[in-house]
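Below is one structure, written out as structure tokens, with a few remarks after it.
The values are calculated or read from the model by the stated rules, or taken from the named source; none is laboratory data. Because the structure is predicted, anything quoted here is derived from the model rather than measured. Please note: Cβ atoms are built from the backbone with ideal geometry, for glycine as well, and neighbour counts cover all protein chains shown.
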Amino acid sequence: MPRGTHLNDALPLLRREVESGPSPVAELTAQDAWLAFLRFGRQRFDTAVTPGSDGLLFQYGTYAFSGPPMFTVDFTRQFDINDDDGEHCHYVQVHCELRYPPDPALRDLGSFNSWFFHDTGEELEQWAEELGGRLDPLRNRRPAGIHLYEGPV
């Protein structure tokens, strides 16, 4: 019996959380996106009940993945996908990525990442509280782009 939402519904659920926030997507702030991501992160999915099968990642840095360098804030959810024998096959990641034109203040933030995994005994709310202040430098900035996507790793 499944213990949560099917993994195929992850990206649509993230999109719904982002779109249901207090601001239209075009006016979304990093804080708005973070709160939407946390609502999404509280929802449980049909994954194995093992540490590492359902993780949340908070990361940022200045990168040039597809074009000129941009300061990127990426909230990611990673699911461990198992084969029919229950062995690890691959991961699927669902991203909420915000991109900002780089400037000295953002470059000075460097890069950062922090993981949270369900089913490890850690508390999601404590992890979220510890990270929320890292968004303060973006408080008065609107991202140049917001990208919601999913892909295998």
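Within segment 5-27, count every residue that is assigned to a helix (DSSP H, G or I) and among the polar types (S, T, N, Q). It would help to see each step written out before you state the result.
If we filter segment 5-27 for residues that are assigned to a helix (DSSP H, G or I), which is where we start, we get 7-19, 25-27.
If we keep only those that are among the polar types (S, T, N, Q) too, we end up with 8.
Residues meeting the conditions: 1.
Looking at segment 6-22, is at least one residue touching a Lys or Arg at 6+ places or on another chain (Cβ under 7 Å) and either under 24 Å from ASP136 (Cα atoms) or surrounded by 14 or more Cβ atoms within 10 Å (Cβ to Cβ) (or both)?
Scanning segment 6-22, I find at least one residue that is touching a Lys or Arg at 6+ places or on another chain (Cβ under 7 Å) and either under 24 Å from ASP136 (Cα atoms) or surrounded by 14 or more Cβ atoms within 10 Å (Cβ to Cβ) (or both), so the answer is yes.
Quickly run through segment 44-95 and pick out the residues that are over 20 Å from THR120 (Cα atoms), touching a Cys at 6+ places or on another chain (Cβ under 9 Å) and touching a residue at least 40 places away in the same chain (Cβ under 8 Å).
Scanning segment 44-95 gives a single hit, VAL73.
Tell me, which residue of segment 100-122 that is of a type in the set (Ser, Thr, Tyr) and surrounded by fewer than 15 Cβ atoms within 10 Å (Cβ to Cβ) is nearest to the chain's Cα centre (by Cα)?
This residue is SER114.
Does MET70 fit the bill of being at pLDDT 90 or above, more than 16 Å from the chain's Cα centre (by Cα) and not aromatic (Phe, Trp, Tyr)?
Here the answer is yes, as MET70 does meet what is asked.
Can you find even one residue in segment 96-110 that is touching a residue at least 60 places away in the same chain (Cβ under 8 Å), closer than 18 Å to ALA36 by Cβ, touching a strand residue (DSSP E or B) at 6+ places or on another chain (Cβ under 8 Å) and of a type outside the set (Ser, Thr, Tyr)?
Yes, because at least one residue in segment 96-110 is touching a residue at least 60 places away in the same chain (Cβ under 8 Å), closer than 18 Å to ALA36 by Cβ, touching a strand residue (DSSP E or B) at 6+ places or on another chain (Cβ under 8 Å) and of a type outside the set (Ser, Thr, Tyr).
Tally up the residues in segment 111-149 that are over 16 Å from PHE65 (Cβ atoms), touching a residue at least 40 places away in the same chain (Cβ under 8 Å) and not small (Gly, Ala, Ser), please.
The number of residues fulfilling the criteria is 16.
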